[in-house]
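The structure appears right after this line, and notes come after that.
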Amino acid sequence: MILSSMRNVVFGYGNEPVVENISLDIYAGEFLGITGPNGAAKTTILKLLLGLLKPWNGTVEINQNALDGAKPVIGYVPQQVASFNSGFPSKVIELVRSGCYSRLGLFRRFSAEQEAIVEKSLKQVGMWEYRNSRIGELSGGQKQRICIARALAQQPNVLILDEPTTGMDHQSRIGFYELMKHYVDVHRMTVVMVTHGLEETNSYLDRVISLERKESEEWKCLTTSLCSVRFGPEVS
Amino acid sequence: MFDYEFMQRAFWAGGFIGIIAPILGVYLMLRRQALIADTLSHVSLAGVALGSVLQFNPVISGFVVAIAGGLIIERLRRTYLTYSEVPVAIIMTSGLALAVVLMSLESNLNKSFSSYLFGSIVAVSKQQLWMIGIVALLGLLFFILFRRPLYNLTFDEETARIGGVHVKWLSFSFSVLTGMTVASAIPIVGVLLVSSLMVLPAALALKIARGFLSAIIIAVITGLVGIFSGLTTSYYMNTPPGGTISLILLVFFITSFVIRKLLLRKQRRSRIARSS
């Protein structure tokens, strides 16, 4: 079932459009990869899907029925978010616990169940031993892993990841893809991931949207015709 | 010293500001907005001058204009996302230019110019003390009630927004509180040094704290000790309180920096000794 659909979306920065008339669908419970060269508008498309950017034209809709009527809880890990916040005065566990804040609201206290989710999230990304370390003391890959743990602690039903494995070693990357596959297969989570490493991720992904930039004299932007689907169900 | 009512008022006001300004400072520094306090103090000065020229209460007009300045900066910050220092520079120069021109029109204000610029212990009136107390109370409530969304907002605005934080509303409220705090701190430390109350305790805390809450606690303790010792020194040495407090906070910052460097060097040496 379609979870999110983008129809005839036009968007750009300044006066220049970078996305023109793109239409694509995201299905509930799929592990979707978005790939393409630098400047192919991968991050822009993620931000349009998330509602962080408003399209100049066209629509982006989320179909709540696809989640059995449940409110979509979206976990988002932007590109190298932790590396930009190296000086943030926080312990690893403090940051991961902040993933639960959206569920807890302003006043509700952490329950034992919530604490267990935080612990599980940290263990799943292999960072439990570092729970009392300061964020600034970690390496780039480790910072990326705790941001993924923070998103998992949010207990999302949709997870959007922008180059989440940047800075991770090979073993950590494989462990991460397996973890995401587990969440998709067992927990019916929808995972959308921008990635450059298709040769590594091919065996885990259900579908790949490959983006290329059209370069003509008039426009330098992304169009649906150049948005090819490598395998899996066809998008409109 | 406490036999004088004005000193009692100065200590009460210093205590209120010493709690709220360093907390704000921690958030401002982490949001890369450390210069906002400086900017708003210049804007507030323009408000004081405007009040005097138009025969309004200058304290209240300074207060209102500082809040308006905070809101304008926040609005412009959203326009100049990649150059967030641009609105700060624009508002700072505009505020100061307006203040200087308006002050030249009002000769009475010119006489008390230095007390606005550098602060004065005797400048804290009962009315101002009430205002500072209310601002501190509102600020504390704001930081306690919204500690969770503020934490997420400060770490990353985009993930906070996706996680359900009303980023725009919270950022605007934060700007209003910053304007209120700056305007209420001016009587003690003055326009030129108001940002030192926010930035120096926060800079010290961010260097040594391991967690977020501990950073806030360290900043508040540093701010309070700096203000109380600065006010005392200022009373006995007859120096301007703003400059005295700022210098004491600077000494705290440099001392903590040196101690931290020495400790790190010692740790490194002992590690090398153990491994060899």
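The values are calculated or read from the model by the stated rules, or taken from the named source; none is laboratory data. Just so it is clear, the model here is predicted, and its values are computed rather than measured. Reconstructed Cβ throughout: ideal geometry from the backbone, glycine too, with neighbour counts over all protein chains shown. The accessibility values were calculated without ligands, DNA or RNA, using every heavy atom of the protein model including side chains. Shrake-Rupley method; radii C 1.70, N 1.55, O 1.52, S 1.80 Å.
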When only residues in the stretch B:26-53 that are over 17 Å from B:G69 (Cα atoms) and more than 18 Å from the chain's Cα centre (by Cα) count, which is surrounded by the fewest Cβ atoms within 10 Å (Cβ to Cβ)?
B:V53
Do you know which residues across the stretch A:29-84 are surrounded by 21 or more Cβ atoms within 10 Å (Cβ to Cβ), away from chain B (no Cβ under 14 Å) and part of a strand (DSSP E or B)?
A:F31, A:L32, A:G33, A:I34
May I ask you to say which residue of B:L264, B:L247, B:L197 is open to solvent by 10 Å² or more (accessible area, probe 1.4 Å), assigned to a helix (DSSP H, G or I) and more than 13 Å from chain A (Cβ to nearest Cβ)?
B:L247
Sole miss for B:M180 among (1) in a helix (DSSP H, G or I); (2) within 12 Å of chain A (Cβ to nearest Cβ); (3) of a type in the set (A, V, I, L, M); (4) open to solvent by 10 Å² or more (accessible area, probe 1.4 Å) is condition (2)
Does B:F56 qualify as being surrounded by fewer than 18 Cβ atoms within 10 Å (Cβ to Cβ) and touching a residue at least 24 places away in the same chain (Cβ under 8 Å)?
no
Is it fair to say A:V186 is open to solvent by 50 Å² or more (accessible area, probe 1.4 Å) and aliphatic (A, V, I, L, M)?
yes
Report whether or not B:L204 is open to solvent by 20 Å² or more (accessible area, probe 1.4 Å) and within 14 Å of chain A (Cβ to nearest Cβ).
no
Out of A:Y130, A:Y101, sole residue that is aromatic (F, W, Y), at pLDDT 85 or above, under 16 Å from B:T159 (Cα atoms) and outside the structural domain of A:G197 (by TED's automatic domain parsing):
A:Y101
Residue identified as within 14 Å of chain B (Cβ to nearest Cβ), over 15 Å from the mean Cα position of the chain (by Cα) and of a type in the set (G, A, S) among A:G87, A:G12:
A:G87
Show the residue pairs meeting these rules: Cβ distance below 8 Å; 6+ apart or different chains; first residue within the stretch A:121-140 and outside any helix (DSSP H, G or I); second residue open to solvent by 30 Å² or more (accessible area, probe 1.4 Å) and hydroxyl-bearing (S, T, Y).
A:L138/A:Y130
Of the residues B:I72, B:I23, B:I19, which single one is modelled with pLDDT of 85 or more, more than 21 Å from B:M92 (Cβ to Cβ), part of a helix (DSSP H, G or I) and open to solvent by 40 Å² or more (accessible area, probe 1.4 Å)?
B:I19
Can you name the residue in the stretch B:88-125 that is at pLDDT 85 or above and not hydrophobic (A, V, I, L, M, F, W, C) and is also most open to solvent (accessible area, probe 1.4 Å) among such residues?
B:T93
